[in-house]
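Read the figures in this text as sums done on the coordinates, not as results from a lab. This one's a predicted model, so the numbers in the text were calculated from it and none came from an experiment. Note that we place each Cβ from the backbone using ideal geometry, even for glycine, and neighbour counts take in every protein chain shown.
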Amino acid sequence: TPDPLITEVQDWASGLGDGVDATPYGLPIEYEADVVRRNVEWLTADTISSINFTPIHALDGTITPQGCAFERHHSGAIELRKEGYRLMINGLVDTPLVFTYADLERFPRENRVYFCECAANSGMEWAGAQLNGAQFTHGMIHNMEYSGVSLRTLLEEAGVNPAGKWVYVEGADASSNGRSIPLEKAMDDVLVAFKANGEALRKEHGYPVRLVVPGWEGNMWIKWLRRIEVTEGPIESREETSKYTDTLADGTSRKWTWEMDAKSVVTSPSPQSPIKHGVGPLVISGLAWSGRGAITGVDVSVDGGKSWTEARLAAPGTDKALTRFYLDINWDGSEMLLQSRARDASGYVQPTKAQLREVRGLNSIYHNNAIQTWWVKTDGEAENVEVS
Amino acid sequence: EKLGLGRPALPVEIAAWDLDVAPDGTGLPEGSGDVFTGEEIFAEKCAVCHGDFAEGVGNWPKLAGGQGTLDHDDPLKTVGSYWPYLSTTWDYVNRSMPFGDAQSLTPDEVYAIVAYILYSNDLVEDDFELSKATFTDVELPNTDGFIIDDRLEAEAHFWTDEPCMANCKDSVEITMRARVLDITPEVEVTKATAAEAEADMERAEEPAAIAPAEEAVVVLDAELVSKGEKTFKKCKSCHQVGEGAKSKTGPVLNNIIGASAGNVEGFRYSKAMKAAAADGLIWNETEMAAFLAKPKKYMKGTKMSFAGLKKDAEIDAVIAYLRSVSGR
């Protein structure tokens, strides 16, 4: 039968649409209203010191739009205007300095794409399969193009003393969220960023200035960055002792677990993105990343890890940034236990949950980079499961 | 090569911002505080979230207990059982607490609160006084409980350049399903959200903050208002009042007495509060008194994690104070 969408003249084909003054700064069209950040109420005491999740099940490509990139703050997203912004560098430096926002804009600028992943991403899955959706299991991640100044440039402007071995970085919000970073990393690839994806940082991502610490856990990417202190040793702040440390089975805990290990997840099909078209051509798609370098390959299994097929990378992996992978298959309508396995430039292969538990025990919170399994059923619906 | 941008930081500016305290006590200001003083301050400023004995309220952090549980299932990580350095506690209380009213404590108050946290963890006696001088005498039990990231050695077997591609295992069984637990937040249908938004607008259009006539003519007792202002300190970590007040953890409370429940614009109320608002709850004196006495009992599901005011006199005073404050 002929399709009336084709044979009949539609309203939009005869009437007029919005003028160019309708939306000076646009939002997604109303039909995409379900593609939003979501939070999990029972996770935290309130929504101020809390986290929400990027809708990765509904996105494609690699760049995360700021408006749906996950948020995590410890004292709420504050409002700090550029005119009220100051950045101080003090401690073991030749000249302690204060910069205004306008000062920062006069330093040589860099553009880099990096992922930012919360150390707690997938943390609720340590105990077992818990949350039904890639957004909730893997959505504490985003990937943006940052514009800003190399931290090395600012430190050199102040002049680091030979005794300085660390920097302590903190934000202007009430939590301050201070973290210690070895000077070697600070002088390597850390950025003081003021734009993301071409536009000003959003309030929830640290407007007007945040730190970008490539490959390292998101908690170190200080938002509303106000101070950089060069020190002899680490400060051992709350966020690097009582939190963001990893307790092993024998009760000892790892600290300074900064790098985010290689990880991947199939974003579609997945519980929030079931197969609706029946048998035939199916695009399996997902994301892979590593804090230790570029993704070199991703393997996909449809049988729960018995056998693997190398997926197609949409573009060659780049250093500490998201990589999109695809596996185009002809789905025969049978059940699948869908998994993906990332490999990175350091030779690391993403482990299974069993392999991680074998080393770390059952009491970990952070750094769960295990292989995820989606049980795709004959009707195309998918569920988060664990397999033997 | 230097560009000559920025300006030298003044010593007074550095002093204002450089607040961090290192494990060896570097950065501590002069001052002292004892357990008894700390207990009083803790009850007033911290117990709302952390409990009278630092045992934690609801989902808010427990600060005491848990010693010897780190190698058990679900270890309890507190200042006493987990935190390696006392400097971290001092620094965090000084810099970021109370939640919603950070940097309002004096050094002596911080010393006292930290002394009380030590006492609540059975690490000091009740006559203990913490000061800059005695600070480094205190060693926390889990000081040696940490190792530096050893993944490169302990997990070296994950660096295998040639992962298995075929016949990697004989059989695969599903061992756990997320649906069995069913704790994934329900995703609202867009339509429902739209309907809710419409309903919200309707509610907003209703005459909201009209106080019943009899309550509008109450004459305020200055002494009672003054008492209420003092009691209100317990509320201040979450609620602001007066000119320029903003919603924080809790909504702004200007003109709250006599107002419809759940009507502060932009504040995200609990489902319970929204339901009460839809049922037409008005915060008259009786309702407010009942809420303040036992918030969780009065309204199951409220976000207000406050144990309640124990004395009727306190409740009357706070209500009198709330009557006296407005945004104008």
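Values as computed for the structure displayed
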{"item": "Environment charge at A:Thr373 (Cβ cut-off 10 Å; Lys +1, Arg +1, Asp -1, Glu -1)", "result": "-1"}
{"item": "A:Ile228 long-range amide H proximity, modeled H, under 5 Å", "result": "A:Met88, A:Ile89, A:Asn90"}
{"item": "For A:Val36, A:Val190, A:Val283, A:Val266, order by how many other beta-carbon atoms lie within 10 Å, fewest first", "result": "A:Val283, A:Val36, A:Val190, A:Val266"}
{"item": "Selected from A:Leu338, A:Trp374, A:Gly361, residue furthest toward positive end of dipole (region A:321-388; charges at beta carbon)", "result": "A:Gly361"}
{"item": "Dipole-positive endmost among A:Leu313, A:Trp42, A:Ser180 within chain A (Cβ charges, Cα centre)", "result": "A:Ser180"}
{"item": "Shape call, region B:209-324: gyration tensor on alpha carbons, a/c limit 1.5", "result": "rounded"}
{"item": "Whole-Hz couplings from phi, Karplus 6.51/-1.76/1.60, listed for region A:370-380; x for Gly and Pro", "result": "6, 5, 9, 10, 10, 8, 8, 8, 5, 8, x"}
{"item": "Which of B:Met97, B:Met176 has the fewest Cβ neighbours within 10 Å, and the rest in rising order", "result": "B:Met176, B:Met97"}
{"item": "Cβ-placed point charges (K, R +1; D, E -1), dipole of region A:130-202 about Cα centre in debye, nearest 20", "result": "160"}
{"item": "C-alpha center-to-center spacing [region A:1-70, region A:82-118] in angstrom", "result": "33"}
{"item": "Cα shape, chain A, gyration tensor, a/c 1.5 rule", "result": "oblate"}
{"item": "Expected-Rg normalisation [2.2 N^0.38 Å, Cα atoms] applied to the protein assembly as shown", "result": "1.03"}
{"item": "Amide H within-cut-off set for A:Asn132, under 5 Å, with H built and near neighbours excluded", "result": "B:Thr184"}
{"item": "Long-range amide H partners of A:Ser150 with built H, under 5 Å", "result": "A:Glu110, A:Val192"}
{"item": "Area projected by the alpha carbon convex hull of region B:22-134, averaged over all directions, nm²", "result": "6.9"}
{"item": "Helix-derived mean residue ellipticity, 222 nm - over chain A, DSSP H n ≥ 4, -39500 (n - 2.57), to 500", "result": "-2000 deg cm²/dmol"}
{"item": "Restraint check, B:Lys45/B:Lys311; B:Lys246/B:Lys303; B:Lys62/B:Lys296; A:Lys165/B:Lys2; A:Lys255/B:Lys248, Cα-Cα greater than 25 Å", "result": "A:Lys255/B:Lys248"}
{"item": "From phi via Karplus (6.51, -1.76, 1.60), per-residue ³J(HN,Hα) for region A:240-254 in Hz, x at Gly/Pro", "result": "10, 10, 6, 10, 6, 10, 10, 7, 8, 4, 7, x, 6, 10, 7"}
{"item": "For region A:1-131, Kirkwood radius (reciprocal of mean inverse C-alpha pair distance, Å)", "result": "20.6"}
{"item": "Histogram of C-alpha separations across chain B, 20 Å bin width, %", "result": "23, 43, 30, 5, 0"}
{"item": "Region A:263-385 - Debye-derived log10 I(q)/I(0), Cα point model, q = 0.19 Å⁻¹", "result": "-1.02"}
{"item": "Fewest-first ranking of A:Glu381, B:Glu129, using other Cβ atoms within 10 Å as the exposure measure", "result": "A:Glu381, B:Glu129"}
{"item": "Cα shape, region A:89-246, gyration tensor, a/c 1.5 rule", "result": "oblate"}
{"item": "Residue with peak Gaussian network fluctuation, chain A [Cα springs, cutoff 10 Å], from A:Ala134, A:Ala314, A:Ala58", "result": "A:Ala314"}
{"item": "Semi-axis lengths, Å, region A:79-143, gyration tensor of Cα atoms, sqrt of 5 times eigenvalues", "result": "39, 15, 13"}
{"item": "About the Cα centre, charge dipole magnitude for chain B (Lys/Arg +1, Asp/Glu -1 at Cβ), debye", "result": "1320"}
{"item": "Value of [θ]222 nm, deg cm²/dmol, for chain B, DSSP H segments ≥ 4, -39500 (n - 2.57) each, nearest 500", "result": "-10000 deg cm²/dmol"}
{"item": "In sequence order, calculated HN-Hα J values of region A:85-98 (Karplus, 6.51, -1.76, 1.60; Hz; x Gly/Pro)", "result": "8, 9, 10, 10, 10, 9, x, 7, 10, 5, 10, x, 10, 10"}
{"item": "Cys with no candidate disulfide partner in chain B (beta-carbon separation under 4.7 Å rule)", "result": "B:Cys46, B:Cys49, B:Cys235, B:Cys238"}
{"item": "Violating pairs (Cα-Cα greater than 19 angstrom) within the set A:Lys276/A:Lys377; A:Lys223/B:Lys233; A:Lys276/B:Lys169", "result": "A:Lys223/B:Lys233; A:Lys276/B:Lys169"}
{"item": "Listed residues A:Phe325, A:Phe99, A:Phe70, most fluctuating in chain A (Gaussian network, C-alpha, under 10 Å)", "result": "A:Phe99"}
{"item": "Mean-position separation - Cα centroids, region B:1-54 and region A:246-280, in angstrom", "result": "37"}
{"item": "FRET efficiency, B:Leu19 to A:Asp94 (Cβ-Cβ, R0 22 Å, nearest 0.05)", "result": "0.45"}
{"item": "Chain B: most fluctuating residue of B:Gly250, B:Gly58, B:Gly100 per GNM, C-alpha cutoff 10 Å", "result": "B:Gly58"}
